[in-house]
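> Mind looking over this structure? Questions follow.
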Amino acid sequence: MADNKEVELYLRIDGEEHGPLTVDDVKAWIDRGKFRRTDFIRMADKRAWVRAENLVHLKALFDEAREKRERGAFAAWLGGIREGRPAMELSPVGRVEEEKRIAEEREALTRERAELEEQEQELQTRLETTITEREEELTRLEAQLEEERRRLTAEHDEELRQLATEREAEVKRIITEREEDVRRATEERERELERLARERERLDGERVRLAEEERELASMGKAIKRRRRMPLVVAGAVVILAIIIGAPSYYFFIYKPGREIAAKLARISDLEEMIDELTARYKAAIDAGRVAEAEEIAEEIEKARKERDKLAEEVPAERKMATTRGKAKLAGLLRAEGAGAEDPARSSGAITGALSRAMGGVRATYSRELAKTPGLDGHVVVSIKVAADGTVTGAHVVSSAIGNSAVESAVTAAARRARFAPAAGATSLTYKFDFSP
């Protein structure tokens with residue numbers, strides 16, 4: 001080992017290890033103050049650390065009072081190393097101190113190990129205690145959870161029972177209310193049925209009365225037909241009286257009263273036709289169950305009868321049967337189209353009523369034409385345009401089976417004169433008129 005670089009040294013300074021270093025490196029560290037006497041040094045092949053001040057070769061370097069001698073000692077140490085002597089040689093005092101230090105460190109390590117073992121044992125005990133406590137806490141919490149689950153289940157079951165009870169009570173209440181409603185509705189329906197039965201009985205009685213009056217009117221009509229020749233006889237008598245008495249007497253005593261009587265007879269005939277039409281409408285309303293409409297028609301029939309009876313009282317008995325010839329009837333509505341067709345103001349009854357009020361000229365015309373053409377009969381179908389305000393904007397014949405232009409013109413003129421109630425819109429009507437001797 002003649003070369004100092006072959007010796008490898010390690011230094012421990014403030015707990016930090018440095019190396020491998022050569023002897024010259026260690027000397028340089030000492031000269032620079034990086035390696036102090038309280039630091040430790042070991043050789044590369046040794047595991048034990050030695051305090052630097054305990055080494056004979058290094059102590060002189062740290063002793064300023066004997067700097068020269070120490071440097072000489074270092075030179076001798078260096079020379080010994082070069083000669084093959086051990087590089088790490090302790091002085092007797094240093095050996096004692098180093099052994100003492102090692103013993104102290106070993107004892108400190110033993111104490112530290114004992115403390116660590118004691119702490120480990122304590123930690124183990126605390127861990128076991130903690131685990132036991134946690135297990136007990138877990139058991140307690142599981143018991144509480146189970147108890148809470150049972151309590152919630154019991155509350156839920158009780159709540160379900162209460163809800164079921166309340167629902168059952170509500171269902172019973174609703175059923176009771178429904179039964180009460182049904183009972184009231186049944187009672188009301190029974191009362192309504194009783195009222196309708198009474199009304200039907202009244203209407204049946206009215207129907208019987210109307211039938212009797214219709215038979216009476218039929219018998220009167222037959223009597224009128226039997227006495228149609230009476231106007232000729234009366235006319236002959238009037239001519240003879242006119243010749244005997246003279247024109248003035250004829251005018252004041254025969255012609256004028258005769259015209260008034262003729263007008264009353266014509267009105268009686270119109271009223272009878274109206275009664276026939278109203279009777280037909282009344283029957284249709286009864287059959288359809290339109291009680292209110294039937295009552296209104298019955299009132300109109302009653303008014304027409306009163307007027308007819310009053311006029312009949314004013315006509316001499318010998319002329320009560322001298323009426324106009326033939327019958328002009330409103331056969332009925334065939335079709336209604338347009339925006340106002342569904343309006344109640346354009347119902348079949350309302351249309352027939354409006355046209356019946358304009359039929360006087362039609363009956364008079366047909367009576368004259370029937371006198372000219374015995375056996376004249378048939379029907380006339382007209383188209384009537386009615387505005388929303390009820391006025392007639394146009395009327396023309398669609399078809400005719402009577403073959404008489406005068407009657408056809410009278411029908412269209414009557415249609416134009418008719419006035420209807422206002423409706424939701426314009427309406428196109430197709431209406432049929434019947435004529436019979």
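The values are calculated or read from the model by the stated rules, or taken from the named source; none is laboratory data. For clarity, every value in this text was computed on a predicted model and none was experimentally measured. No Cβ is skipped: glycine too gets one built from the backbone with ideal geometry, and neighbour counts run over all protein chains shown.
> Mind checking whether some residue in the stretch 9-19 is touching a strand residue (DSSP E or B) at 6+ places or on another chain (Cβ under 9 Å), at pLDDT 75 or above and not in a strand (DSSP E or B)? Quick ask: steps written out before the conclusion?
Quick first cut of the stretch 9-19, residues touching a strand residue (DSSP E or B) at 6+ places or on another chain (Cβ under 9 Å) only: 9-13, 17-19.
With the extra rule that they be at pLDDT 75 or above, the set shrinks to 9-13, 17-19.
From what's left, not in a strand (DSSP E or B): none.
Checking the stretch 9-19: not a single residue is touching a strand residue (DSSP E or B) at 6+ places or on another chain (Cβ under 9 Å), at pLDDT 75 or above and not in a strand (DSSP E or B).
For (1) assigned by TED's automatic domain parsing to the domain that holds residue 426; (2) in a loop (DSSP other than H, G, I, E, B); (3) hydrophobic (A, V, I, L, M, F, W, C); (4) crowded, with 19+ Cβ neighbours inside 10 Å, each residue gets a yes or a no:
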{"position": "345", "(1), (2), (3), (4)": "yes, no, yes, no"}
{"position": "353", "(1), (2), (3), (4)": "yes, no, no, yes"}
{"position": "362", "(1), (2), (3), (4)": "yes, no, yes, yes"}
{"position": "366", "(1), (2), (3), (4)": "yes, no, no, yes"}
{"position": "371", "(1), (2), (3), (4)": "yes, no, yes, no"}
{"position": "376", "(1), (2), (3), (4)": "yes, yes, yes, yes"}
{"position": "390", "(1), (2), (3), (4)": "yes, yes, no, no"}
{"position": "394", "(1), (2), (3), (4)": "yes, no, no, no"}
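> Please determine whether any residue of the stretch 180-191 is without any contact (Cβ under 8 Å) to a residue 60 or more places away in the chain, farther than 30 Å from residue 292 by Cβ, among the charged types (D, E, K, R) and not assigned by TED's automatic domain parsing to the domain that holds residue 291.
Going residue by residue through the stretch 180-191, those that are without any contact (Cβ under 8 Å) to a residue 60 or more places away in the chain are 180-191.
Filter again for farther than 30 Å from residue 292 by Cβ, leaving 180.
Pick out the ones that are also among the charged types (D, E, K, R) and you get 180.
Then keep just the ones that are not assigned by TED's automatic domain parsing to the domain that holds residue 291; that gives 180.
Yes - at least one qualifying residue is present in the stretch 180-191.
> Here is a follow-up. Return the only residue of 185, 154, 197 being surrounded by 10 or more Cβ atoms within 10 Å (Cβ to Cβ), at pLDDT 90 or above and part of a helix (DSSP H, G or I).
Working: 185 fails: at pLDDT 90 or above; 197 fails: at pLDDT 90 or above.
Sole residue among the options that is surrounded by 10 or more Cβ atoms within 10 Å (Cβ to Cβ), at pLDDT 90 or above and part of a helix (DSSP H, G or I): 154.
> Kindly indicate whether residue 268 is at pLDDT 70 or above and in contact with a Ser or Thr (Cβ under 7 Å, 6 or more places away or on another chain). Please lay out each step first, then the result.
Working: at pLDDT 70 or above: yes; in contact with a Ser or Thr (Cβ under 7 Å, 6 or more places away or on another chain): yes.
The answer is yes for residue 268.
> In the stretch 396-420, how many are among the polar types (S, T, N, Q) and surrounded by 17 or more Cβ atoms within 10 Å (Cβ to Cβ)?
Pass one, the stretch 396-420, residues among the polar types (S, T, N, Q): 399-400, 404-405, 409, 412.
This time we only want the ones that are surrounded by 17 or more Cβ atoms within 10 Å (Cβ to Cβ), so: 400, 404, 412.
Number of matching residues: 3.
> Here is a list: 111, 82, 95. Which entry is at pLDDT below 85 and not assigned by TED's automatic domain parsing to the domain that holds residue 14? Even if it seems obvious, please write down each step before you answer.
Values: 111 fails: at pLDDT below 85; 82 fails: not assigned by TED's automatic domain parsing to the domain that holds residue 14.
Going through 111, 82, 95 in turn, just one is at pLDDT below 85 and not assigned by TED's automatic domain parsing to the domain that holds residue 14: 95.
> If you don't mind, another one. In this structure, does residue 274 turn out to be at pLDDT below 85, buried (at least 20 other Cβ atoms within 10 Å of the Cβ) and under 25 Å from residue 434 (Cα atoms)?
Working: at pLDDT below 85: yes; buried (at least 20 other Cβ atoms within 10 Å of the Cβ): yes; under 25 Å from residue 434 (Cα atoms): yes.
So residue 274 passes the test.
> Can you tell me which residues in the stretch 336-369 are out of contact with any helix residue (DSSP H, G or I) (no Cβ under 8 Å at 6 or more places or on another chain) and of a type in the set (Val, Ile, Thr)?
The answer is 351, and nothing else.
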